[in-house]
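The values are calculated or read from the model by the stated rules, or taken from the named source; none is laboratory data. Treat the numbers as computed from the prediction; the structure is a model and nothing was measured. Cβ atoms come from the backbone with ideal geometry, glycine included; neighbour counts cover every protein chain shown. All accessible areas refer to the heavy atoms of the entire protein, side chains included, with ligands and DNA or RNA removed. Shrake-Rupley method; radii C 1.70, N 1.55, O 1.52, S 1.80 Å.
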Amino acid sequence: MGGFDERNGAVLGDGGVAHFGDPFREQRWLAAGEALVPLDDRAVIEVAGPERLGWLDSITSQAVGRLAPGESTELLVLDPQGRVEHAAGVVDDGSATWLIVDAADAEALAGWLTRMKFRTQATVEVRDDVALLGFVDGGAASERIRAVDGVFVWADPWQRVSAGGYQYAATTEHPGADLAWRIAIVPSGSVPALAATLDDGEVAGLLAAEALRIAAWRPRWASEVDERSLPHESDWLRSAVHLDKGCYRGQETVSKVHNLGHPPRRLAALHLDGSDAVLPEPGAPVFAGDDEVGHITSVARHHEEGPIALAILSRRAPVGDLVVRSEGVDIAASQQVIVPADAGATAEVPRLTRLSRRPTAPDPRRTSPSA
């Protein structure tokens, strides 16, 4: 991204600037709302036209038909079996809807949307004339972004359970609630001038953004999604699925798993033993004893929590300590359950009393009819 990758100390990674020389300090600046992150690993798809919102509502997991200008949400595109194919952050400006996606998925999602238009009055375009900057709301970074002309800001809905959503994580203090993550869509021509005004304590790299995301248990298409992924497995019903909206592709599976079954896998957070200074790569296998029970999807060194990771595990994986195997080294991992093994099966399905049997006692987990 012009103006950032040319700064002194910039270290480039696969998706952009990994860091500017001090990843831990950059995390602190970012978490405090002081720093901006150039997000070269994301892209923007613009959907315009008078029928755009109703059309997107009909083909995705989220209720966006009445999305107000400036309002942010998130959606998934599912296949007919309910598996995740695409994911996007969504913000509308009153005349166009902006989809923020992982860069590796931009062309595929834009192509799918184009094929699905038929006679819909909508246009789909991957925008290469805008840049994306991430920041945490509430600090000086917010003020700098909002001083730039022509900026639209997406507010990550992960901080709370969205309308029509459902949280599987059994915690009253969700770590995502503390991360007011924002992504600004900025005209590319404005980026060099903005970058030139920033001091060293006002920029951060992708490693810092990833560490905060992983600590917040926040799933991402580029990391947590594979060919088997259901939204339930990563607790994505929390922010990207509206359980009460009309039909869309994959809805039947979403409903069945949520109401009557259990997702076959589950997302967990891992705190890794850092004594060997080995940080496993995504894809590293996770073991419970001699049994392989899953794999790492995301990993980072957090400035407070140390080495941390997200992992997709088998639903039946034990909830105790695990081991991650990387480069021939076994790394002890303390597990924190995000999606429990009994997630799903939430429907209030009435039980019919058989005449040949006595009535069963009421289930204390269900709401009584008189409540």
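Using amide H atoms built 1.01 Å from N in the peptide plane, name the residues 5+ places from Leu12, or on other chains, whose amide H lies under 5 Å from its own.
When sequence neighbours closer than 5 places are left aside, the close amide H contacts are Ala18.
For the range 216-299, which GluC sites (Glu not before Pro) are both in a DSSP coil and crowded by at most 14 other Cβ atoms within 10 Å?
Glu227
Rounded, prolate or oblate, given the Cα gyration tensor of the range 110-196, with a/c below 1.5 counting as rounded?
Note, shape of the range 110-196 comes out oblate.
At 10 °C and 1.306 mPa s, grab the translational diffusion coefficient of the range 9-126 from Stokes-Einstein with a Kirkwood Rh over Cα pairs, rounded to a whole number in µm² per second.
100 µm²/s
Need one number: nm distance between label points at Lys256 and Asp129, each 7 Å from Cα along Cα→Cβ, rounded to one decimal.
If labels sit at Lys256 and Asp129, their model points lie 4.6 nm apart.
For the chain, what is the accessible area per residue in Å², given a 1.4 Å probe and the full set of protein chains?
Counting only protein heavy atoms, the per-residue value for the chain is 47 Å².
For the range 217-314, what are Rg and Dmax over the alpha carbons, in angstrom?
Rg, Dmax (Cα atoms, Å): 15.5, 51.
Got a number for carbon plus sulfur as a percent of the chain's accessible area, 1.4 Å probe?
In the chain, the share of accessible area belonging to carbon and sulfur is 49 percent.
Provide Asp128, Asp105, Asp40 ordered by accessible surface of protein heavy atoms (probe 1.4 Å), highest first.
Asp128, Asp40, Asp105
Out of the GluC sites (Glu not before Pro) in the range 132-211, which ones are loop residues according to DSSP with at most 14 other C-beta atoms within 10 Å?
Within the range 132-211, the qualifying GluC sites (Glu not before Pro) (loop, at most 14 other Cβ atoms within 10 Å) are Glu173.
Report, in debye and to the nearest 20, how large the dipole of the chain comes out about its Cα centre when Lys and Arg carry +1 and Asp and Glu carry -1 on their Cβ.
It comes to approximately 2160 debye.
By how many nm would the segment from Gln121 to Ser275 grow when fully extended, if each residue of separation counts as 0.36 nm and the alpha-carbon distance is taken off?
So the extension gain works out to 49.7 nm.
Let me check something: with ligands and nucleic acids excluded, how do Asp178, Asp226 order by accessible area (1.4 Å probe), largest to smallest?
My answer, sorted largest first, is Asp178, Asp226.
Taking the Kirkwood radius as the inverse of the mean 1/r across Cα pairs, report the Rg/Rh of the chain.
Rounded to two decimals, Rg over Rh is 1.00.
Need the C-alpha centroid separation for the range 89-106 versus the range 33-66, integer Å.
When both Cα centres are located, 3 Å separates them.
Among Pro318, Pro285, Pro263, which one moves the most in a GNM of the chain with springs linking Cα atoms closer than 10 Å?
Pro318
Could you work out how far the C-alpha centroid of the range 250-270 sits from that of the range 293-333, in angstrom?
21 Å
With a point put 7 Å past each Cα toward its Cβ, work out how far Asp178 is from Ala18 in nm, to one decimal.
The modelled label-to-label distance comes out at 2.7 nm.
Show me, bin by bin at 10 Å from 0, the whole-percent P(r) of the range 135-286 based on Cα pairs.
8, 31, 30, 22, 8, 0
Give the residue from Ser190, Val329, Val153 lying farthest towards the positive end of the charge dipole for the chain; charges sit on Cβ (+1 for Lys and Arg, -1 for Asp and Glu) and the dipole is referred to the Cα centre.
Val153
Report ³J(HN,Hα) in whole Hz for each residue of the range 308-322, in order, from the Karplus equation J = 6.51 cos²θ - 1.76 cosθ + 1.60 where θ = phi - 60°; Gly and Pro get x.
For the range 308-322, the Karplus-derived couplings read 9, 7, 10, 9, 9, 10, 4, 4, 8, 4, x, 8, x, 5, 10 Hz, x marking Gly and Pro.
How long are the three semi-axes of the equivalent ellipsoid for the range 1-74, computed from the Cα gyration tensor as the root of 5 times each eigenvalue, in whole Å, largest first?
Sorted largest first and rounded, they come to 35, 15, 10 Å.
Please quote Rg/Rh for the range 64-175 to two decimal places, taking the Kirkwood radius as Rh and restricting both calculations to Cα atoms.
0.98
Along the positive direction of the dipole of the range 1-95 (beta-carbon charges: Lys, Arg +1; Asp, Glu -1; about the Cα centre), which of Gly13, Ala88, Thr73 reaches farthest?
So the residue we want is Thr73.
Would you mind checking the range 291-316 for residues with the amide N under 20 Å from a putative spin-label position 7 Å along Cα→C-beta of Val11?
298-309
Go through the range 13-22 residue by residue and turn each phi into a ³J(HN,Hα) via Karplus (6.51, -1.76, 1.60, θ = phi - 60°); whole Hz please, and just put x for glycine and proline.
x, 5, x, x, 6, 5, 6, 10, x, 8
Counting other Cβ atoms within 10 Å, which trypsin sites (Lys or Arg not before Pro) in the range 74-161 have at most 14 and lie in a DSSP loop?
Arg119, Arg160
I need the phi-derived Karplus couplings for the range 234-249: 6.51 cos²θ - 1.76 cosθ + 1.60, θ = phi - 60°, integer Hz, Gly and Pro marked x.
9, 6, 6, 5, 4, 10, 10, 10, 9, 6, 10, 8, x, 5, 7, 4
Any idea of Leu212's accessible area? Nearest 10 Å², probe 1.4 Å.
Probe radius 1.4 Å; accessible area of Leu212 about 20 Å².
Provide the solvent-accessible area of Trp112, counting protein heavy atoms only and rolling a 1.4 Å probe, rounded to the nearest 10 Å².
Taking all protein chains as shown, Trp112 has close to 20 Å².
Taking every Cα atom in the range 263-353, find the radius of gyration and the maximum pairwise distance Dmax, and write them in Å.
Cα-based Rg and Dmax for the range 263-353 come out at 15.4, 60 Å.
Consider just the alpha-carbon atoms of the range 196-236 and return their Rg together with their Dmax, both in angstrom.
Rg, Dmax (Cα atoms, Å): 14.7, 45.
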